[in-house]
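To start, the structure under review is shown below, and the notes come after it.
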Amino acid sequence: MMRAKKSDFLNYEIWILTFGGGLQRSGVYADNISDANKTEFRNSVKDKINTLVINKYTKSPVTSKEHINNLVNIKNWINSNHSHVLKNQNIKLGIVQKLLNLYLKYQWCLGLVKTPPHCPFDRIIISKMQLSNPPAWTQLDSVDTYKMLVTKATELAGNKSISEWELDVFSRR
């Protein structure tokens, strides 16, 4: 019984960090959305991602292609079910990738999931990639642009996974 309480507490705290990293200053919400609607949105997204992670990321590694499909499916699901709380009735792919990739990073660091296929792409990580025209992660809404980030991160990672590379870059900032 105590173990469940501890893991529930940690997951609750991880979601606070995940939503802080993925939604804070991202301009995701439409104007005049109530705190109750924001809470309902976050709880729904949390349930969706938790279920996905348990079903797909805990048992075996997920390929890059599968992961991108998961990101697009979450984006489409959010837009179908929560457009009323979103600015322009759309959540950007950059926000979705930050939420899922950051949550997976925390779960991986705790040893609860296999190595994630990608890392959370944010301003700091993208700036370390030395791109000639770096996208703003909060505005990123193109699968092709996201794939370009993955390709560049893969090159920079060398013989490491993108997740391990990002952890190194993150710890040195």
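Bear in mind these aren't lab numbers, they're just calculated from the coordinates by the rules spelled out. The structure presented is a predicted model; accordingly, all values stated were derived computationally and were not measured. When we count neighbours, we look across all protein chains shown, and the Cβ atoms used for this are built from the backbone with ideal geometry, even at glycine.
The table that follows gives values for the structure above.
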quantity	calculated
Residues whose placed amide H lies under 5 Å from that of L86, excluding near-sequence neighbours	A30
Span-rule helices in the chain, defined as complete DSSP H runs reaching 30 Å or more along the axis (Cα) with Kyte mean at least -0.5	2-23
For I95, net neighbour charge (Lys/Arg +1, Asp/Glu -1) across residues whose Cβ lies under 10 Å away	+2
From the coordinates shown, semi-axes √(5λ) of the Cα gyration tensor in Å corresponds to which of (i) 22, 20, 16; (ii) 24, 22, 15; (iii) 48, 16, 12	(ii)
222 nm mean residue ellipticity, helices alone, for the chain (DSSP H n ≥ 4; -39,500 (n - 2.57); rounded to 500)	-20500 deg cm²/dmol
Within straight-line cross-link reach of K59, lysines at Cα separation under 30 Å, skipping those fewer than 8 residues along the same chain	K5, K6, K46, K48, K75, K92, K98, K105, K114, K147, K152, K160
